[in-house]
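Working notes for the structure below.
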Amino acid sequence: MTVIIVNLLLIIGAGWAFRRFGVVGEGAEKAFNQYLYYLALPCLIIVKIASTPLSGLGWDFLLANLLPLLACMGGVWAAWRLFGLDWRFARLLLIVSVMGNTVYLGFPVVSLRLGDHLIGHAAIISSLHNVVVFTAGFALMTTICGEGGCPPSRLLRTAARNIVLWSSLAGLGLAASGWRLPALAETVMTDIGRTTMPLSLFTIGISLYGKKVAGNFHRLAAISGVKLLLLPAVYLAAARLLGFSGEVSSAVFLQMAMPAAVLNYVVAREFDFDADLTAQAIVLSTLLFFPLLYLYELAL
């Protein structure tokens, strides 16, 4: 595990250093993100899911992914409804604590720890999480309101721009139909997809430059605690209850344990969350994730 952590940190650290010393300038992160989000990630996801056999993914796989997310979101909703949790923080916590960085960080971690052959499964897991968050999660979130009423919901616009979700559905369609991509298209998309994992880690490093975690300690601790500890623990309990084990179960566990996704910041701005607190939660949960990898290794 130490080798994996060092590998991840060196690539992320290179991105941070390149930004710190001006090798890449301000705005580079946006260009890299656009390439990753609109080209490299869709290519990787479609190719990997299309080549992943779906026959072995049964109800235990589906329930093991759904139950922990629904339980944590329901717990946050109940804390608002029954125990007076601040409604604005409850809206934020309900989404940020379950929407993890299953792509930029999840794919590399699954690949390094479990093997490249599970990237397709990691992409399917990520798509399932997206579906749950953008349906049940947002439905619950929009019922949490204060005295002034609920902020306007722009769920459809946010979901429509989720390229990871749409490329996952395209890959699932190919896998279910048995169709293959044309040979040239598959070769080109595979080559582009290979750039995803190192560049995604490098881009995380660039994005961390200049970000600070200060103030809001209790709220940041609550977000990180639910995302990095409670959600993976609930998954382990659900997997044991369902008798779900093996390599695919390990991939689901690692995806459950991912820190808060950068997409949360976009959601925060769309749904009138505290965007600054969300950005701090993304940074803190990402930094805490690496030492916690040793704990996750014990769980595996």
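Only the coordinates and a few stated rules stand behind these numbers; no lab work does. Keep in mind it's a predicted model, so treat the numbers as computed, not measured. Glycine gets a Cβ as well: all are built from the backbone with ideal geometry, and neighbour counts include every protein chain shown.
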Computed over the chain: relative contact order in percent, which uses C-alpha pairs under 8 Å that are six or more apart: 35 percent
Region 1-157: relative contact order in percent, alpha carbon pairs under 8 Å with at least 6 residues between: 27 percent
Karplus (6.51, -1.76, 1.60) ³J(HN,Hα), θ = phi - 60°, over region 136-141, in Hz, Gly and Pro reported as x: 4, x, 6, 5, 5, 4
Whole-number percent relative contact order across region 250-300, with pairs defined as alpha carbons under 8 Å at least 6 apart: 40 percent
Neighbour-count ranking [beta-carbon atoms within 10 angstrom, fewest first] of M256, M189, M141: M189, M141, M256
At 1.002 mPa s and 20 °C, Stokes diffusion of the chain via Kirkwood alpha-carbon radius, µm² per second: 110 µm²/s
Shape category assigned to region 1-91 from the gyration tensor of Cα positions, a/c cut at 1.5: oblate
Kyte-Doolittle mean at least 0.0, axial Cα span of 24 Å or more - DSSP H helices of the chain: 2-20, 59-83, 275-299
